[in-house]
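Trainee: Below: one structure in structure tokens.
The values are calculated or read from the model by the stated rules, or taken from the named source; none is laboratory data. All values derive from a computational prediction rather than experimental measurement. Ideal geometry is used to build each Cβ from the backbone, glycine not excepted, and the neighbour counts take in all protein chains shown.
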Amino acid sequence: MNAALELSEVRKRFGQTEIIRGVTLTIGKGERHALIGPNGAGKSTTFNLISGRFAPTSGAVKLNGRSIAGLRPFEINRMGLSRSFQITNIFHRLSVFENLRCAVLWSLGYKYSFWHRLSALRDAKERADEVLELIGMQHRRNTQAGLLTYAEQRALEIGITIAGGADVILLDEPTAGMSRSESDHAVELIRKVTVGKTLVMVEHDMSVVFGLADRISVLVYGEVIATDTPEAIRNNRRVKEAYLGTSLDEPALAGAHE
Ligand SMILES: Nc1ncnc2c1ncn2[C@@H]1O[C@H](COP(=O)(O)OP(=O)(O)OP(=O)(O)O)[C@@H](O)[C@H]1O
Ligand SMILES: [Mg+2]
């Protein structure tokens, strides 16, 4: 498999507590991968270890075959990985367009010297409008982001995440707090903006997971207990056991549709 992301025996300790306990995971180029697991399992921490917010205590992380463990977030971003956060992360006082343009400029930054600033600004404007269209928010172009509905803010955030053109996209609970129809819409958006890219998504909503993912990894107490196709995960005994008595137990797994 041609890997976009490879984690080998990744561990993370906070003080005395080991939160990530030897995670090994390979995500192929172009794959849509869901990371699921109970609250506190370490899903967001895993994202933080991949995106460079935290350095692993030990283990290796590779992006497109290059080692990234211990690099800074902006370095990893410029190597082609972009992530969204579990909590909405936009500039509330800027317009939708300005939010997107900021994201583009930030990611373009290193390619353009001082002397090329004007062309960078032009490129950024074009790219921001392109993303605006992709996320279907042209009619909100000049609206202050803080005035958008919650679902629109999450859509904007997805736009910000992909604006720089990264080919590996990490989304942390992109449909959290949405109604059924809002999350159906978000699934379509995610599908559309990640065509040809690699997606890793943390998600609690099983219908979103089973609707989008090519493969699923289940994280429990900092360990991956299974990585497989949706069908196999649904029938996996260890996974069913891990979910018993939680909000994602058997009925949720069984009831999820593809
Ligand atoms: N910076 C930190 N310092 C200490 N402990 C942390 C830190 N970040 C996370 N943890 C702990 O690591 C564990 C895993 O947290 P994490 O946020 O990764 O879980 P999660 O799987 O994303 O959960 P949720 O589904 O609730 O978002 C939790 O017990 C959390 O308290
Ligand atoms: Mg989390």
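Results for (1) surrounded by fewer than 20 Cβ atoms within 10 Å (Cβ to Cβ); (2) modelled with pLDDT of 95 or more; (3) touching a His at 6+ places or on another chain (Cβ under 8 Å), shown as yes or no for each residue.
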| site | (1), (2), (3) |
| --- | --- |
| Glu133 | yes, yes, no |
| His139 | yes, yes, no |
| Glu157 | no, yes, no |
| Ala186 | no, yes, no |
| Thr194 | no, yes, no |
| Met201 | no, yes, yes |
| Met206 | no, no, no |
| Glu223 | yes, yes, no |
| Asn235 | yes, no, no |
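Trainee: All but one of (1) away from ligand 1 (no atom under 13 Å from the Cβ); (2) out of contact with any Ser or Thr (no Cβ under 8 Å at 6 or more places or on another chain); (3) of a type outside the set (Gly, Ala, Ser) hold for Glu31; state the number of the condition that does not hold.
Mentor: (2)
Trainee: Let me ask you something else. Glu75 - would you say it is surrounded by 15 or more Cβ atoms within 10 Å (Cβ to Cβ), more than 16 Å from ligand 2 (Cβ to nearest atom), over 12 Å from Leu170 (Cα atoms) and of a type in the set (Asp, Glu)?
Mentor: It is false that Glu75 is surrounded by 15 or more Cβ atoms within 10 Å (Cβ to Cβ), more than 16 Å from ligand 2 (Cβ to nearest atom), over 12 Å from Leu170 (Cα atoms) and of a type in the set (Asp, Glu).
Table: residues versus (1) modelled with pLDDT of 95 or more; (2) crowded, with 22+ Cβ neighbours inside 10 Å; (3) of a type in the set (A, V, I, L, M); (4) outside any strand (DSSP E or B).
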site	(1), (2), (3), (4)
Thr26	yes, no, no, no
Ala34	yes, yes, yes, no
Ala60	yes, no, yes, no
Gly70	no, no, no, yes
Ile87	no, no, yes, yes
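Trainee: Also: Since Tyr243 meets every condition but one in (1) modelled with pLDDT of 95 or more; (2) out of contact with any helix residue (DSSP H, G or I) (no Cβ under 6 Å at 6 or more places or on another chain), which condition does it not meet?
Mentor: Just one mismatch for Tyr243, condition (1).
Trainee: Give me the pairs, please: first residue somewhere in region 155-172 and on the phi > 0 side of the Ramachandran plot, second residue anywhere and more than 16 Å from ligand 1 (Cβ to nearest atom), beta-carbon distance under 8 Å, and either six or more positions apart or on two chains.
Mentor: These pairs meet every condition: Gly165/Ser107; Gly165/Arg127.
Trainee: Follow-up. Within region 135-180, which residues are under 14 Å from the mean Cα position of the chain (by Cα), β-branched (Val, Ile, Thr) and more than 16 Å from ligand 1 (Cβ to nearest atom)?
Mentor: Correct list: Ile158, Ile160, Thr161, Ile162, Val168, Ile169.
Trainee: Shifting gears a bit: How many of the residues making up region 33-77 are under 16 Å from the mean Cα position of the chain (by Cα) and of a type in the set (D, E, K, R)?
Mentor: Residues in region 33-77 being under 16 Å from the mean Cα position of the chain (by Cα) and of a type in the set (D, E, K, R): 2 in total.
Trainee: Still on this structure, please answer the following. Could you give me the residue pairs with C-beta distances under 9 Å whose first residue belongs to region 45-62 and is under 18 Å from Glu203 (Cβ atoms), whose second residue is of a type in the set (S, T, N, Q) wherever it lies, and which are 6+ apart or on separate chains?
Mentor: Taking only residues 6 or more apart or on different chains, the pairs are Phe47/Gln86; Ser51/Asn77; Ser51/Ser82.
Trainee: Looking at region 169-185 only, could you name the residues that are under 13 Å from Ile87 (Cβ atoms) and charged (D, E, K, R)?
Mentor: Asp172, Glu173, listed by residue number.
Trainee: Residues to consider are Ser67, Ser44, Ser58; find the one that is over 14 Å from Leu199 (Cβ atoms) and within 16 Å of ligand 2 (Cβ to nearest atom).
Mentor: After ruling out the rest, the residue left standing is Ser44.
Trainee: Separate question: Any residue at all in region 93-101 that is part of a strand (DSSP E or B) and more than 16 Å from ligand 1 (Cβ to nearest atom)?
Mentor: yes
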